[in-house]
Amino acid sequence: DLGPLQLLLIYNNSALFNSSSHNFDLVQFLNGDEPATWAQGWVADGDQIIVGDEVLEDPLAEGMFGFANGVTVHVMRGPRGHDYEAVCEDGVITASNQDVDFLVRRREQLGPAPAGASRLERGRHRARAFLEEAPALEYTPASNTLRLIGDLVQALDTGALTRGGVRVARANTELIFGFIESHRRGGARVSLPLEDNHLRLIRRTRAPRAPQFAPASA
């Protein structure tokens with residue numbers, strides 16, 4: 001047990017609508033789908049692609065946002081690939097290499113350094129919260145598609161809401177437009193949900209994508 005969640009980090013954010021929608025969905029899930037209450041973002045080339053209320057391209061963005069329970073999310077653009085980190089009160093979990101590798105580090109209080117300890121060792125013992133690698137996470141890999149179908153079946157059988165339904169889709173979209181609105185206000189923090197906002201994505205230079213599947217033969 002690493003204690004309550006405090007901070008979430010997304011290390012390689014990309015286009016808001018195409019990539020952040022997945023990243024934001026993940027961190028909301030990790031935080032129990034708590035509602036986001038504020039966002040603060042910066043959009044690459046935002047002054048060129050945000051014209052009035054129209055967003056002309058899917059923008060690259062970074063920034064941060066916060067949940068009602070006090071958990072904060074930092075959204076960064078960088079070369080680390082799809083890496084994520086959950087910082088808890090007593091430790092950190094890092095997922096890297098396309099969620100293949102997991103590293104768990106637990107906060108340890110080492111106490112006074114033993115007599116004759118090296119300078120490095122003494123520094124470790126003076127650390128207020130030294131992180132020691134903990135045993136690896138034990139989990140069973142599962143098919144995303146199978147889990148999605150199972151979620152739908154459970155909702156149909158029980159009448160309960162799906163874990164990722166229209167509520168989550170709307171919350172994701174609210175965060176995306178929150179980042180854009182924050183950039184439009186010079187990087188100011190904006191409260192969520194947005195009020196009286198008319199931003200919209202309009203990509204006039206791109207035709208709609210045609211379906212890529214081939215119909216089954218009769």
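Put simply, the amide H of residue 164, placed in the peptide plane, has no neighbours under 5 Å, leaving out anything fewer than 5 places away on its chain. Phi angles across the stretch 27-37 convert, under the Karplus curve 6.51 cos²θ - 1.76 cosθ + 1.60 with θ = phi - 60°, into 3J(HN,Hα) values of 5, 5, 4, 5, 9, x, 6, 5, x, 7, 10 Hz, Gly and Pro given as x.
In plain terms, the residue of 101, 151 with the fewest other Cβ atoms within 10 Å comes first and the most crowded comes last, giving 101, 151. What would the Debye equation give as log₁₀ I(q)/I(0) for the stretch 41-88 at q = 0.25, 0.31, 0.32 Å⁻¹, counting only Cα atoms as equal point scatterers? Results for the stretch 41-88 at q = 0.25, 0.31, 0.32 Å⁻¹ read -0.97, -1.15, -1.18.
The angle separating the long axis of helix 144-158 from the principal Cα axis of greatest extent in the chain is about 70 degrees. Computed over the stretch 5-201, relative contact order equals 29 percent, with contacts defined as Cα pairs under 8 Å that lie 6+ residues apart. Within the listed set 46, 116, 63, the residue fluctuating most in the Gaussian network model of the chain (springs between alpha-carbon atoms under 10 angstrom) is 116.
Per residue of the chain, the DSSP helices (runs of n ≥ 4 H) give a summed -39500 (n - 2.57) that works out to -8000 deg cm²/dmol at 222 nm. Our coupling estimate for the stretch 92-106, obtained by passing each phi through the Karplus curve with A = 6.51, B = -1.76, C = 1.60 and θ = phi - 60°, is 9, 10, 10, 10, 9, 6, 6, 6, 8, 10, 10, 10, 10, 10, 10 Hz, Gly and Pro reported as x.
So who's got an amide H within less than 5 Å of the one on residue 38, skipping anything under 5 residues away but keeping other chains? H placed 1.01 Å off N, in plane. The answer is 66, 192.
Over the Cα atoms of the chain, the radius of gyration divided by the Kirkwood radius equals 1.06; this is the Rg/Rh ratio. Please work out the C-alpha center-to-center distance from the stretch 60-100 to the stretch 147-218 and express it in whole Å. One Cα centre to the other: 20 Å. Amide H to amide H, with H built 1.01 Å from N, residue 77 comes under 5 Å of 13, counting only residues 5 or more places away or on other chains. Put in line by how crowded their Cβ is, counting other Cβ atoms within 10 Å and starting with the fewest, 185, 119 read 119, 185.
Name the shape class, rounded, prolate or oblate, that the alpha-carbon gyration tensor gives for the stretch 64-114, where a ≥ b ≥ c are the square roots of its eigenvalues, rounded holds for a/c under 1.5, and otherwise prolate holds if a/b is larger than b/c and oblate otherwise. Because a/c hits 1.5 or more and a/b fails to exceed b/c, the stretch 64-114 counts as oblate. Scalar couplings 3J(HN,Hα) for the stretch 195-203, obtained by applying the Karplus form with A = 6.51, B = -1.76, C = 1.60 to θ = phi - 60°, are 10, 6, 10, 10, 4, 7, 8, 9, 9 Hz; x denotes Gly and Pro.
Counting Lys +1, Arg +1, Asp -1, Glu -1, what net charge surrounds residue 154 among other residues with beta carbon under 15 Å of its beta carbon? Around residue 154, the surrounding residues sum to 0. Note that the stretch 133-175, at 10 °C in a medium of 1.306 mPa s, gets a Stokes-Einstein diffusion coefficient of 124 µm²/s from its Kirkwood radius over C-alpha pairs.
Just so you know, all these numbers are worked out from the coordinates, no wet-lab data involved. Everything numeric here is computed off the predicted structure, so don't read it as measured data. As a convention, Cβ positions derive from the backbone with ideal geometry for all residues, glycine included, and neighbour counts pool all protein chains shown.
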